[in-house]
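So the structure is just underneath, and the comments pick up after that.
The values are calculated or read from the model by the stated rules, or taken from the named source; none is laboratory data. Since we're looking at a predicted model, the values are computed, not measured. Note that we place each Cβ from the backbone using ideal geometry, even for glycine, and neighbour counts take in every protein chain shown. Keep in mind that these areas ignore ligands, DNA and RNA; they rest on the heavy atoms of the full protein, side chains included. Shrake-Rupley method; radii C 1.70, N 1.55, O 1.52, S 1.80 Å.
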Amino acid sequence: MKRIVPALLSAAVLLTGCASTTLPPVSGKNFAFEGDEQRIWKRSEEIQESLEKSEWLLRDAVLEEYLNGIAKTLVSSDVGERIPFRILVIRDFRLNAFAFANGAVYVHTGILARMENEAQLAVLLGHEMTHSTHRHAVRSFRDMKNKSAFLAGATVLAGDLGALLGGLGAVASVYGYSRELETEADTGGLARVVKAGYDPREGPKLFEHMKQYLEEEKIEEPYFFSSHPRVAERVASYEESLSGTYAGVAGTLNRDPFLEKTKGALIENARLQLKAGRMTGARRDAEQYLERQPDDPHGHCLLGKILERTGVAGDPEKAVDQF
């Protein structure tokens, strides 16, 4: 995205220089959303409406039901009443996710394709949901001292999706918050994961997938400000919790249900990578899909198309076998 979008500018006017950046989580009898926070919610809802009308969403009712079922286990009923969490999937091969203040959490097909089990998914959802419950969006806007840096930072969200999401999407991205808020999301999210009975040891593995992706893409600093943490710091944060607070704690992985429910996202990600000319990633996703669905002719046909285009000796012959 090479231009500054209007949504980015409209979000910037929400900045309030004198408002407190110390806010309690969404809990307690006397809790109330504040004025600028309500405006952020309104803008989030407008972006949601635009996404609903776009082709970015993966329309998979089974997967949505599965994701939202997991989310319900990660938040108390009173908080769930105040923030109506809804988990949706974005058709994008990049490893990313983002949560708006109003509880809308979007997970890219790219990161679903890299995960190995439900525990890793719970870590991601717990992390993103904590951004919402701990009111990180309004706290970020209030703390933003350099508006021009914020505006320039939105260019990290590439292409039409970045233009659609604007400034709120840039800050809401898994790569977007400050070190302090990301660490808070690590801590709060992992507590949710443990309470729900998942294995917290999967936390570092989730962010190792992201670290590997950034290394493959040769992306050195995908953040908006120099104070933002690298993915390696996310890994270190989880490992610190595992050696301290959660030392010796284990839990469920739920690998088989995860592999079954996310297979549609996996083959869609393979198609997206093929369309983008990303043959290595497309082949990996298609082969993993066929491990789950060995008799699916659509999967074999897709892998055949990928093998035709890899440029690797012997792959065209393998493509014929797939067809």
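At-a-glance table
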| read-out | value |
| --- | --- |
| Globularity ratio of the stretch 75-118, using Cα Rg and 2.2 N^0.38 Å | 1.31 |
| Euclidean distance between Cα centres, the stretch 273-323 to the stretch 64-96, Å | 31 |
| Accessible surface, the stretch 76-145, averaged per residue in Å² (probe 1.4 Å) | 22 |
| Computed FRET value (nearest 0.05) for Ser54 with Glu308, which takes r as the C-beta separation and R₀ as 30 Å | 0.50 |
| Proximal aspartates and glutamates relative to Lys53, as straight alpha-carbon distance under 18 Å, when same-chain residues fewer than 8 apart are discounted | Glu45, Glu64, Asp92, Asp160 |
| Interchain or long-range residues, amide H under 5 Å from Tyr198's placed H | Thr252 |
| Karplus-derived 3J(HN,Hα), 6.51/-1.76/1.60, for each residue of the stretch 256-271, Hz, glycine and proline x | 5, x, 4, 4, 6, 6, 9, 5, x, 5, 5, 6, 5, 5, 4, 5 |
| Inter-label distance for Ala32 and Glu215, nm, one decimal - labels placed 7 Å from Cα along Cα-to-Cβ | 5.2 |
| In nm, spacing of pseudo-spin labels at Glu287 and Thr22 (7 Å Cα→C-beta vector) | 5.4 |
| Solvent exposure of the stretch 215-323 as accessible area per residue, Å², 1.4 Å probe | 57 |
| Cα pair distances in the stretch 230-315, grouped into 5 Å bins until the bin that holds the longest one, percent each | 3, 13, 18, 14, 12, 12, 11, 10, 6, 2, 0 |
| Label-point separation, Ala236 to Thr280 (7 Å along Cα→Cβ), nm | 2.6 |
| Pairwise FRET efficiency - Asp143 versus Glu45, Cβ, R0 = 41 Å, nearest 0.05 | 0.95 |
| Accessible-area order (highest first, 1.4 angstrom probe) of the listed residues Thr183, Thr133 | Thr183, Thr133 |
| The stretch 31-90: translational diffusion in µm²/s, Stokes-Einstein, Kirkwood Rh over Cα pairs, 20 °C, 1.002 mPa s | 162 |
